[in-house]
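Q: Pasting a structure below so you can have a look.
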Amino acid sequence: MLKSLYSSPFAKKLLRNKGASFGLILIVLSLLLALFCYFISPDPSPNANRMIPEIGSKKPGYTASLLRIKRDKIVKQAAFFDRLLNGTEEAYQYTPITSFIIAGDSLIYQKFIDESITERKTILLSQCSEQPVINMTYHLGTDKFGRDILSRLMIGVRVSLSVGLVSVLISLTIGILLGAIAGYFRGWVDDIIMWFINVIWSIPTLLLVFAITLALGKGFWQVFIAVGLTMWVNVARLVRGQVLGVRELEYIEATRALGYSHSRTIFRHILPNILGPVMVIAASNFASAIVIEAGLSFLGVGVQPPQPSWGLMIKENYNFIITHNPMLALAPGIAIMLLVLAFNLLGNGLRDALNVRGKL
């Protein structure tokens, strides 16, 4: 089956497009990263929320020596699926140090407080892990709370892909249904649906998202629904135009002559033949949803802390752009740019492969 798929003219034309191939590869890598991020990220704690305030706002490549001290409660090892979904609960408390020596059953260390400021402390070896001190390199630096930027970027890809997927599913469901009904039945049904579409179209997207978010409340799923409910208009207008052109063709006239129901004609004979343009606009809406979610999180009405979101990471660190460590805000911005670019390139490739032009 896969062999026949790859050998189809559509797949060959799509894969010959270098931009679409690059976008597809980037999207597949992002999906794999979103799935296995807790196994790959340097900080596998839930939401990569390991806070070490003493090493906050460090530049990329910063290396710290961390003393691992056992927590009071016993932390059980997470099962595979628990770790896959939520990460691993922290079993140790991490303390940055500059040096240490082991004397008998004790460990004497210099706790790092700030540049050139340390504090001498002693702790029993039994209170530490088997390997008490580890060196950790923060390849993209740390935020103001001392959390690893790279780990939060990896886990944040889940939010971006999830909001895109859920929003596209909602927008396609509403848009295809209303657009197909308006284009197929025409007349007063078309007039009412088009009036409703024009009303929604006239409201600025961000303002409409704000209104829906305030009605549903702040949160993870509320953002997905709010974004999805604002993106169906493009789909509905596209589907309506496609259905208006297809409904007059001979094979649709034949379905009426055979006495098929309207629903069977729409869902089994019309919609399968207009999925090409819908796939193209779905890719475009996926990219738009990622940008809208990032904007909402930046404004504080999207995903809420401590859950990592690329827009929220920019909000927390944008003041560092003009100071000594701009990468704290640039890294999530570049990640948003690359993922949006990937979906736009894939959408362009789908348009060319399906020979859909002048439809969007």
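Q: Tally time: how many residues in segment 12-39 are more than 20 Å from Ile336 (Cβ to Cβ) and surrounded by fewer than 19 Cβ atoms within 10 Å (Cβ to Cβ)?
A: 9
Q: Which one of these is closer than 23 Å to Ser284 by Cα, among the β-branched types (Val, Ile, Thr) and surrounded by 18 or more Cβ atoms within 10 Å (Cβ to Cβ): Ile197, Ile252?
A: Going through Ile197, Ile252 in turn, the sole match is Ile197.
Q: So for segment 310-325 (the condition being touching a residue at least 40 places away in the same chain (Cβ under 8 Å) and basic (Lys, Arg)), does at least one residue qualify?
A: Within segment 310-325, not a single residue is touching a residue at least 40 places away in the same chain (Cβ under 8 Å) and basic (Lys, Arg).
Q: Name the single residue that is nearest to Ala20 (Cα to Cα) among those in segment 304-314 being surrounded by 24 or more Cβ atoms within 10 Å (Cβ to Cβ) and hydrophobic (A, V, I, L, M, F, W, C).
A: Filtering segment 304-314 for residues that are surrounded by 24 or more Cβ atoms within 10 Å (Cβ to Cβ) and hydrophobic (A, V, I, L, M, F, W, C), the one nearest to Ala20 (Cα to Cα) comes out as Trp310.
Q: A further question on this structure: Working carefully through the options Arg237, Arg247, find the one that is closer than 25 Å to Ile200 by Cα and basic (Lys, Arg).
A: The conditions single out Arg237.
Q: So which residues in segment 315-330 are aliphatic (A, V, I, L, M) and buried (at least 22 other Cβ atoms within 10 Å of the Cβ)?
A: Matches in segment 315-330: Leu328 only.
Q: Mind listing whichever residues of segment 104-123 are of a type in the set (A, V, I, L, M) and at pLDDT 90 or above?
A: Residues satisfying the conditions are Leu107, Ile108, Ile123.
Q: Condition first: over 15 Å from the mean Cα position of the chain (by Cα) and either of a type in the set (A, V, I, L, M) or within 14 Å of Gly302 (Cα to Cα) (or both). Now tell me which residues in segment 159-174 satisfy that.
A: The answer is Ile170, Leu172, Ile174.
Q: Shifting gears a bit: So, restricting to helices (runs of 4 or more DSSP H) that lie completely within segment 220-322, which ones have at least 2 residues that are over 30 Å from the mean Cα position of the chain (by Cα)?
A: In segment 220-322, the matching helices (runs of 4 or more DSSP H) lie at 232-246, 250-257.
Q: Further question on the same structure: Hey, does segment 69-79 have a residue that's in a strand (DSSP E or B), surrounded by 14 or more Cβ atoms within 10 Å (Cβ to Cβ) and not charged (D, E, K, R)?
A: Yes, the conditions are met somewhere in segment 69-79.
Q: Can you tell me how many residues within segment 103-117 are surrounded by fewer than 16 Cβ atoms within 10 Å (Cβ to Cβ) and touching a residue at least 24 places away in the same chain (Cβ under 8 Å)?
A: Summing the residues that are surrounded by fewer than 16 Cβ atoms within 10 Å (Cβ to Cβ) and touching a residue at least 24 places away in the same chain (Cβ under 8 Å) in segment 103-117 gives 2.
Q: Identify all residues within segment 63-122 that are farther than 29 Å from Leu33 by Cα, of a type in the set (Ser, Thr, Tyr) and touching a Ser or Thr at 6+ places or on another chain (Cβ under 6 Å); write none if there are none.
A: Residues satisfying the conditions are Thr98, Ser106, Thr118, Thr122.
Yes or no, residue by residue, for (1) free of Cβ contacts under 8 Å to residues at least 60 places away in the same chain; (2) over 16 Å from Met154 (Cα atoms):
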residue	(1), (2)
Asn49	no, no
Ile55	no, yes
Pro60	no, no
Lys73	yes, yes
Ala79	yes, yes
Asp82	yes, yes
Glu90	yes, yes
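Q: Follow-up question, since we're still on this one. What is the residue count in segment 109-154 for residues that are of a type in the set (Gly, Ala, Ser) and under 36 Å from the mean Cα position of the chain (by Cα)?
A: Within segment 109-154, residues that are of a type in the set (Gly, Ala, Ser) and under 36 Å from the mean Cα position of the chain (by Cα) number 4.
Q: Just checking, does segment 172-179 include any residue being within 17 Å of Ala294 (Cα to Cα), in contact with a helix residue (DSSP H, G or I) (Cβ under 6 Å, 6 or more places away or on another chain) and modelled with pLDDT of 85 or more?
A: Within segment 172-179, not a single residue is within 17 Å of Ala294 (Cα to Cα), in contact with a helix residue (DSSP H, G or I) (Cβ under 6 Å, 6 or more places away or on another chain) and modelled with pLDDT of 85 or more.
The values are calculated or read from the model by the stated rules, or taken from the named source; none is laboratory data. Everything numeric here is computed off the predicted structure, so don't read it as measured data. No Cβ is skipped: glycine too gets one built from the backbone with ideal geometry, and neighbour counts run over all protein chains shown.
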